[in-house]
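Comments concern the structure below.
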Amino acid sequence: MLRTSVSGTRLDILEWLKDPAAHFPPLSPGSGVERGVTVDAVAAKLGVPSAVAATHLALLADMGLLTACSIGTRTYYRRDEVRIAEVARMFEKGW
């Protein structure tokens, strides 16, 4: 888990998703980022192809740090604050 999860890019994504409204534009006028952020939005912010962003997001979701919600053809990603707090506590205990 640690070796694959330690990445500046993935840490950036987790940081951006703390406050997605500050880091990602709404998908359409009047829409917010309450549902989460799409792969395309993350790819645009990173300046990488969608497939690369999807790989980062999928890894974070597989680790339980993000939740994914599919609506229509889009998948929205949000931080799982409970799981992130659990992982932080494990490291604080010297795991």
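FYI, it's all coordinate maths here, none of it is from the lab. As the structure is a computational prediction, the values presented were derived from the model and not from experiment. A quick note on method: Cβ atoms are made from the backbone with ideal geometry, for glycine too, and the neighbour counts reach across all protein chains shown.
A few remarks follow.
- Order by protection proxy (mean Cβ within 10 Å, highest first), peptides 18-26, 84-92, 60-68: 60-68, 18-26, 84-92
- Expressed as a whole percent, the proportion of Cα-Cα pairs in the chain lying more than 15 Å apart is 60%.
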